[in-house]
1. Using 0.36 nm times the number of residues separating residue 67 and residue 160, minus their current alpha carbon distance, what extension gain do you get?
2. Determine the dipole magnitude for region 49-193: charges of +1 sit on the beta-carbon of Lys and Arg, -1 on that of Asp and Glu, nothing else is charged, the reference point is the Cα centre, and the result goes in debye to the nearest 20.
3. Give the aspartates and glutamates whose C-alpha is closer than 13 Å to that of residue 126, dropping any in the same chain fewer than 8 places away, or say none.
4. Which whole-Hz ³J(HN,Hα) couplings does region 74-89 yield from phi under the Karplus relation 6.51 cos²θ - 1.76 cosθ + 1.60, θ = phi - 60°, glycine and proline marked x?
5. Could you please state, rounded to a whole Å, how far the C-alpha centre of region 49-95 is from the C-alpha centre of region 98-112?
6. Which far-off residues, 5 or more places away or on another chain, put their amide H under 5 Å from the one on residue 118, with H placed in the peptide plane?
7. With an 8 Å Cα cut-off and a minimum separation of 6 or more residues, compute the relative contact order for region 49-193 in percent.
Amino acid sequence: MSLSNCFGRLCSLTTTGTNRRHIGVKGSFRAQIPYSKPNIFIEQPVMFECKTEDNGRTLILNIPSSMNQVGLILSAMKSFFKQHYLPENLINQNSIVLRELFVNAITHGHNFNQNLYVFIQIEYLKDNQFKLTVKDGGSGFDYSELELSYPENINDMRKRGMILVEALTEQYEFNEKGNGIVAYTLTSPLSVFENI
C-alpha cells in the first residue's frame, strides 16, 4: 500500500467521527508507517499525528520537518477538502498555498532540521473558504521586510512561494514572532484554475 493511500485511510478514520482512541486522545491518530513511494527513501518510518476537532470542521497535523512529507500533507488536505465537497479546481489552488507554506517552514523556519515538527491546522469556515495555519518551531523572522516583488532574474526560484500565497489567498497574516502564518483561502478559483 502506498503512503498516500494508507494516510488517506487513516485520516478518513479520524475525520468521519469514529470513536477510535489512539494515544489516549479521542479522535486523534498517531501512526508509524513505512514509506514505500518509489524513488524516495527514508531511513526511518514516518511519524505523524492527525486529528480532527469541532465535529470534523478542523484538521490538525503535526508533521516531521522534511521535504519527503509534502505528499503526505497534500494527501491529507485533499481528503479533508473532499469531505467538505470542495471543487477539484479549488483543491488544486489550495494545495499550492499549503505546499508553499509547509516548504517555507522546513527551509526557513527549521533550516531542514528533520527532528522538528511543523504544525498545520485546516479549518472549514463557510462557502468553500478554509483557514490554513502553519507554524514552525523556529525563531521567526521580521515579516515587515518581506519583499513580494517578482525577481529580476526569471530563473531565480527564491521568493516565489510567498508571491503565490499572496495571489492565491484572500488574506494572510504572520504571528508576532514570525514563525507562523494564517491564510484564508479564496472561495472561487482564479481563472487559471477554472478548467482544471
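1. Working: separation 93, 0.36 × 93 = 33.48 nm, distance 1.72 nm.
So the extension gain works out to 31.8 nm.
2. Numbers: 12 positive and 17 negative charges, 96 e Å.
Using Cβ point charges on Lys, Arg, Asp and Glu, region 49-193 gives about 460 debye.
3. Output for residue 126: empty list, no partners.
4. Working through the residues one at a time gives 5, 5, 5, 5, 4, 4, 5, 4, 5, 5, 9, 6, 6, x, 4, 5 Hz.
5. Rounded to whole Å, the Cα centres lie 16 Å apart.
6. It is 63, 65, by chain and number.
7. The normalised contact order for region 49-193 reaches 25 percent.
Read-outs throughout are calculated quantities, based only on the coordinates presented, and are distinct from any laboratory measurement. Computed from a predicted model, the values in this text were never measured in an experiment. Note: ideal-geometry Cβ built from the backbone for every residue, glycine included; neighbour counts use all protein chains shown.
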